[in-house]
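First the structure, which I've put down as structure tokens, then a few questions once you've had a look.
The values are calculated or read from the model by the stated rules, or taken from the named source; none is laboratory data. Not measured: the values here are computed from a predicted model. For neighbour counting, all protein chains shown are included, and Cβ atoms are generated from backbone atoms with ideal geometry for every residue, glycine included. Ligands, DNA and RNA are stripped out before the accessible areas are found, and what is left, the full protein with its side chains, is counted by its heavy atoms. Shrake-Rupley method; radii C 1.70, N 1.55, O 1.52, S 1.80 Å.
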Amino acid sequence: MSGTHSLVVEGLSLGYGERTVIEGLDLLVPPGRITAIVGANACGKSTLLRSMSRLLSPRAGHVLLDGREVHRTPAKELARTLGLLPQSPIAPEGITVGDLVGRGRHPHQGVFSRWSREDDAAVAAALEATQTTVLADRAVDELSGGQRQRVWIAMALAQQTDLLLLDEPTTFLDVAHQVEVLDLLTDLNRARGTTIVMVLHDLNLAARYADHLVAVAGGRVHASGEPGQVLTEDCVRAVFGLESRVIADPTSGRPLMLPLGRHHTQAPAGTA
């Protein structure tokens, strides 16, 4: 059932070769909520998400789904509960949009089971939700970057998992489509109770759409909690090395971060 699964990270250490990226990280993902992970480039956000989805084995620590280690769970079994949209997915050459989105149904197929009306409905709903129905017969490698990103999101939606991990789902999208995708994920969360964990670069979009914000720095969680608790001027300074002003977003009431550069440290003369 959506919103009831527990996803917990305990003492997690991750790295590549001799380089350690994440060390001793603890994280509790609130079930049935939207969590956004933010942090500076190369801080380990994507590495953390890869390990949470079983793609990267930990050097130490555990990722537990309902108390069971994900790295000891068979891949297909895990995929029926937890879905992943990686940062730079690669589609097989020549595959059509419809066929790619249909691959999201693979975890639900048994050894002898056939494609069903339920599978058709799941694919159709995913295409419609991402506004990619008209692309169904097109080859994925013919699409623009933004179109491809929406198709990959459609595949993740067709998988119909109770937990969904997305690594920078707004990559390649213009601002209008970024908002559309985040609205779509919010609809999915509210309608089905799907637990969503996403890595985002845009702090303000993260604060607007997430129920729970996690700021990563130095291989550990620097701060976590509601956006108003996490997105502060002190946190932006510590995590990004950036001076800023944080005000209330006039449309959502959530925190809104205004970065300060060397040329914009004070309001121009004559402005409020």
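For region 168-184, enumerate the residues that are open to solvent by 10 Å² or more (accessible area, probe 1.4 Å) and in contact with a strand residue (DSSP E or B) (Cβ under 8 Å, 6 or more places away or on another chain).
Matches in region 168-184: E168 only.
Sticking with this one: Across region 135-184, which residue is nearest to E93 (Cα to Cα) among those that are in contact (Cβ under 8 Å) with a residue 40 or more places away in the chain and among the small types (G, A, S)?
Among them, the one singled out is A139.
Out of everything in region 188-203 that is assigned to a helix (DSSP H, G or I) and either free of Cβ contacts under 8 Å to residues at least 24 places away in the same chain or of a type in the set (G, A, S) (or both), what residue ends up being least open to solvent (accessible area, probe 1.4 Å)? Write out each step before concluding.
Taking region 188-203 as the starting set, the residues that turn out to be assigned to a helix (DSSP H, G or I) are 188-192, 203.
Restricting the remaining residues to those that are either free of Cβ contacts under 8 Å to residues at least 24 places away in the same chain or of a type in the set (G, A, S) (or both) gives 190-191.
Numbers: R190: 189, A191: 88 Å².
Taking the candidates together, the pick is A191.
Filter region 58-83 down to the residues that are without any contact (Cβ under 8 Å) to a residue 40 or more places away in the chain, in a strand (DSSP E or B) and open to solvent by less than 70 Å² (accessible area, probe 1.4 Å) and list them by number.
Of everything in region 58-83, just one residue is without any contact (Cβ under 8 Å) to a residue 40 or more places away in the chain, in a strand (DSSP E or B) and open to solvent by less than 70 Å² (accessible area, probe 1.4 Å), namely E69.
A follow-up question, please. Condition first: under 13 Å from the mean Cα position of the chain (by Cα) and charged (D, E, K, R). Now tell me which residues in region 162-203 satisfy that.
D167, E168, D202
Looking at G94, G24, G32, which is the one that is surrounded by fewer than 16 Cβ atoms within 10 Å (Cβ to Cβ), part of a loop (DSSP other than H, G, I, E, B), of a type outside the set (D, E, K, R) and at pLDDT 90 or above? Lay out the reasoning, then the answer.
On the way: G24 fails: part of a loop (DSSP other than H, G, I, E, B); G32 fails: surrounded by fewer than 16 Cβ atoms within 10 Å (Cβ to Cβ).
The conditions single out G94.
Taking the condition of being part of a loop (DSSP other than H, G, I, E, B) and touching an Asp or Glu at 6+ places or on another chain (Cβ under 9 Å), how many residues in region 3-20 meet it? Explain how you work it out, then say what you get.
We begin by selecting, within region 3-20, every residue part of a loop (DSSP other than H, G, I, E, B); these are 3-6, 17-18.
If we keep only those that are touching an Asp or Glu at 6+ places or on another chain (Cβ under 9 Å) as well, we get 3-6.
Final tally of qualifying residues: 4.
Something else about it: Of all residues in region 150-166 being open to solvent by 10 Å² or more (accessible area, probe 1.4 Å) and not in a loop (DSSP other than H, G, I, E, B), which is farthest from S116 (Cα to Cα)? Spell out the reasoning first.
Keep residues of region 150-166 that are open to solvent by 10 Å² or more (accessible area, probe 1.4 Å), which gives 150, 152, 155, 157, 159-160, 162.
If we keep only those that are not in a loop (DSSP other than H, G, I, E, B) too, we end up with 150, 152, 155, 157.
On the way: R150: 24, W152: 21, M155: 17, L157: 17 Å.
Among those that are open to solvent by 10 Å² or more (accessible area, probe 1.4 Å) and not in a loop (DSSP other than H, G, I, E, B), it is R150.
For region 135-149, enumerate the residues that are of a type outside the set (D, E), out of contact with any helix residue (DSSP H, G or I) (no Cβ under 7 Å at 6 or more places or on another chain) and not in a loop (DSSP other than H, G, I, E, B).
Hits for region 135-149 are A139, G145, Q149.
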